[in-house]
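Single-structure report; data block below.
The values are calculated or read from the model by the stated rules, or taken from the named source; none is laboratory data. These numbers were taken from a predicted model, which means no experiment stands behind them. Note that each Cβ is placed from the backbone with ideal geometry, even for glycine, and that neighbours are counted across all protein chains shown. Heads up: the accessible areas ignore ligands, DNA and RNA and are worked out on the full protein's heavy atoms, side chains in. Shrake-Rupley method; radii C 1.70, N 1.55, O 1.52, S 1.80 Å.
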Amino acid sequence: MTKREEVEHLLRRSREFLETARLQLERGFYGLAVFSLEQSLQMFLKAKLLESGVDYPRTHSVRRLLEMLAEVSPDSAEDARRVLERFMLELGMLEDAYITSRYVPREFRREDAERLMAVVEEVIRAVS
């Protein structure tokens, strides 16, 4: 798989996870929706790093991926830093969702999932 094909694959999967999150939110599966939102954002940021010529690390931290994007992409640096600062707590919740979905019972409310949906959509718009 070429880098371009990998970028396209990650962007497609990111869109699919975002759509899945919308469906899960509609069905009341809030924890799964938040997990899907984390996956969507993680894949999107990894695609953006690849587009910038950087192999992404084997991390699940969306905050670290945003920090890296700010370091390597002059086009996205200011926007990446701005959304990282503005949404630090929400991005931390997304990271927690990745871990808790597997190991720790944690409930998310509709309001949590809706807020995180808005954050993910804004982050994606900001660094596109």
Listed residues ARG86, ARG58, ARG63; which is over 12 Å from the mean Cα position of the chain (by Cα), modelled with pLDDT of 95 or more and either basic (Lys, Arg) or open to solvent by 20 Å² or more (accessible area, probe 1.4 Å) (or both)? ARG86
Residues (more than 15 Å from LEU91 (Cα to Cα), among the hydrophobic types (A, V, I, L, M, F, W, C) and either in contact with a Lys or Arg (Cβ under 8 Å, 6 or more places away or on another chain) or assigned to a helix (DSSP H, G or I) (or both)) located in region 1-47: VAL7, LEU10, LEU11, PHE17, LEU18, ALA21, LEU23, LEU25, LEU32, ALA47
Could you figure out which of (1) of a type outside the set (Gly, Ala, Ser); (2) touching a Ser or Thr at 6+ places or on another chain (Cβ under 6 Å); (3) surrounded by 20 or more Cβ atoms within 10 Å (Cβ to Cβ) isn't true of THR20? (3)
Check on GLY53, farther than 17 Å from SER128 by Cα, in contact with a Lys or Arg (Cβ under 9 Å, 6 or more places away or on another chain) and either open to solvent by less than 40 Å² (accessible area, probe 1.4 Å) or free of Cβ contacts under 8 Å to residues at least 40 places away in the same chain (or both): no
So which residues in region 97-117 are farther than 19 Å from LYS46 by Cβ and either in contact (Cβ under 8 Å) with a residue 12 or more places away in the chain or surrounded by 12 or more Cβ atoms within 10 Å (Cβ to Cβ) (or both)? THR100, ARG106, GLU107, PHE108, ARG109, ARG110, ASP112, ALA113, GLU114, ARG115, MET117
